[in-house]
Every structure is written in structure tokens, then in C-alpha cells.
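Here's the structure we're looking at; comments come further down.
Derivation of every value follows stated rules applied to the coordinates shown; laboratory data play no part. In this text, all values refer to a predicted model and were calculated from it rather than measured experimentally. So basically every Cβ, Gly included, is an ideal-geometry build from the backbone, and we count neighbours across all protein chains shown.
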Amino acid sequence: MSTFFRRLSKATPIAFSHAFGQSQSSSTHFRLPVGAIAAISGGISYFYYFSEPNLAHLDQINEETGPKTALSPDKWIEFKLQEKAKVSHNTQLYRFSFDPNLQLGLSVASCLITRAPLGEDAEGKTKYVVRPYTPISDPDSKGYFDLMIKIYPEGKMSQYFSKLNPGDVVEVKGPIEKIRYTPNMKKHIGMIAGGSGITPMLQVIEAILKNPDDNTKVSLIYANVSPDDILLKKKLDMLAASHPNLKVFYTVDSPSKYWVGGTGYISKDMVSKGLPAPSDDTLILVCGPPGMMEHVSGGKAKDWSQGEVSGVLKELGYTQEMVYKF
């Protein structure tokens, strides 16, 4: 077992220490026996271009003159890549470090915004590609955060990440708050995730389960292409086994011979049996690829507001106040 893996297992984020098994190590990453991740979440697929030079270097921040959190909503800050770990043939984990005296400054549930240079525009100004990512590490962790990123052949940002090596830096801004979770805000939270849409769900799940005063029940339906594509399954199974208030149901499009979970797209029957019924004490969180979102809840509006609820959830009686789309 590599030194990196041993160090991670002692650190905190279960995503590294418990979600995976033994590995074969290399100089910069270790390979993990996890199947290819084929189903991924939707997310933002357009470009932003920035020309402002407001970039802060994290190593210049100190307790006397700088903020108490590593993130800034107003400035792009460089975070150094500490290690990267290969999860599958197209997905990697990245650990970025910062001053261990600081907290990241991420609330539940929030994401970060990353950017990478793409050359220059017609006016000679630096052109950037920008993408949001949800850390899979504990937001309260000091000194590091972890991102899990699928590498697309034509993905400008993911290709940029794929070429990073320990010691390289990435510019980050944020956080971007999605929904402010507070303990016991609802009696029962239902979740529907597809592929890497599991990442914001994991933020909320871990916030609930680590708080002994939070009695919220959580029910998750997690859809993927095949059993091998289920992301963080070991971790989810472990959390469900040790916390009676968490229930997880998996469904796949292409089941294996010995598959015992659900089969096919998320259906009304799966939702009615696996998630809390419509109620003022119910909240349904949804995150996944566009096709899944349209089928389950409807996508967001053109202005990226929540928009109306449609699809399976509307047919079952869930209202806009009961549904949140990541």
C-alpha cells in the first residue's frame, strides 16, 4: 500500500480512506479497482472568459493580514495540487492543499469554481474556461480539499486537470452556495443522483451523519449505467450499514448477471417506494445528467433558476417547494 494511501486513510475524507480498496502505487498516483464511471452528472457546459488580474497566492495569506478561510468569493486563488489518485480509466481524485491553520470556507451544500487559461482572445487578453466542482472532502477539513473529476476526451477543463502533476496549481474562486442545509430542516430528505451527481448529495449526507443531534432521515436513489459505474459504492454501503437513518437504492441500465438492485431508468414506482412522500417536511434533491434531470424533475430554467418541476416528481405530486435541482 502506498505512502499516499496510508496518509489519506489517516486524514479524514472517507472518500479516500474507505470508499476504495487496495491499490497498485506509482510515482504520482495509485490505481484503484473501481469500474469505469460512464454515467456522469449534468452541470454547466459553457465557457466564461475573464480578463481581471485579481489572483491571490495562497502562500501569501496569514492569520494576521488575511482571511480566516482559504476561499475568496471575489478573487481567484491558487491552490497547489498535493496528490492525485486514479480511480478508473477516466476519473481521478485530486487533493489540493492550503494553509492548515485555515478552513476552506465551504458551506453545505456548495461548490467551487475553477478556471484554466485557454490562450488569448482577439484583443490579446487571456481567455479562460471555467467549471464548477463539488468537493468530496469534509468542508470542515483544514489544509486540503478533494475533487473527483471525470476526464472527457474533448473536455477543456478536464483535460487541463488530467495534465496536472503534484506541485502544479489551479485557480479557484468561491464558494457558490447551492442550498443552505441546516440540521433537522426537514424530517426526511430524498435524493436522486446520476453518475457524478452523487457529489453534492455526499456533502449533505455526511453533514447529517456526522452530527449526533441531526435526526434527519435520508433516502437515496442512485442511477448509473452498470454496476461497475456506481461511484463511491463502498463508501455509501458502509455509511448506510452504520447509520440506520440512511437508505440507499441503486438502479442500473445494464445489470450484470448477479445484480440484485434496480434495473432501468428511475421510475415512479422506485420513487414512491424509495423516497419520502410529498409533504411540507420533505425535500427531494436531484443531480445528474440532463436526460435524467428532464425525466425525473425537469431541468433548470434558462436563467439557471430552479424552474418548474416536471417529470416523475410532478406526476407523484411533489411541488416546486419540495424539490431542489443542483
Check your understanding: Based on the Cβ-Cβ distance of D237 and E154, what FRET efficiency does E = 1/(1 + (r/R0)^6) give at R0 = 35 Å, to the nearest 0.05?
Key -> 0.55
Study note, to complete from the structure: Yeah, segment 207-326 with a ≥ b ≥ c from its alpha-carbon gyration tensor (a/c under 1.5 is rounded, else prolate when a/b outruns b/c, oblate otherwise) is oblate
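Quick one: work out Rg over Rh on the C-alpha atoms of segment 210-252, Rh as Kirkwood radius. If you can, show how the numbers build up before the last one.
Working: Rg = 11.6 Å, Rh = 11.3 Å.
My calculation puts Rg/Rh at 1.03.
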**Study point:** Per-peptide average of other Cβ atoms within 10 Å, ordering 174-182, 132-140 highest first
**Key:** 132-140, 174-182
Practice item. Mind scanning K173/K300; K150/K273; K247/K314; K75/K217; K80/K186 and naming the pairs with a C-alpha gap bigger than 26 Å? Key: K150/K273; K75/K217; K80/K186
Point to revise | Cβ-based net charge around G299, under 11 Å, with every Lys or Arg adding one and every Asp or Glu removing one | key: +1
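Compute the projected area of the convex hull of the Cα atoms of segment 160-227, averaged over all viewing directions, and report it in nm² to one decimal place. All intermediate terms of the calculation are to be shown ahead of the outcome.
Details: hull surface 28.9 nm².
Projected over every direction and averaged, the Cα hull of segment 160-227 covers 7.2 nm².
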Check your understanding: Cα centroid distance between segment 179-235 and segment 247-297, in Å?
Key -> 12
Point to revise | Per-peptide average of other Cβ atoms within 10 Å, ordering 304-310, 116-122 highest first | key: 304-310, 116-122
Practice item. List every residue whose amide H lies under 5 Å from the amide H of D253, counting only residues 5 or more places away in sequence or on a different chain, with H placed 1.01 Å from N in the peptide plane. Key: N224, V225, S226, G264
Exercise for review: Please sort 255-263, 76-84, 294-302, 313-321 by packing, taking for each peptide the average over its residues of neighbouring beta carbons within 10 angstrom, highest first.
Suggested key: 76-84, 294-302, 313-321, 255-263
Revision key, fill the gap. Contour minus Cα-Cα span, V169 to K314, at 0.36 nm per residue, comes to 47.8 nm
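Excluding Y324 itself, what net charge comes from residues whose Cβ is under 11 Å from its Cβ, given Lys and Arg +1 and Asp and Glu -1? Walk me through the numbers before you get to the answer.
Working: positive: K178, R180, K186, K300, K325; negative: E321.
Charge balance in the 11 Å sphere: +4.
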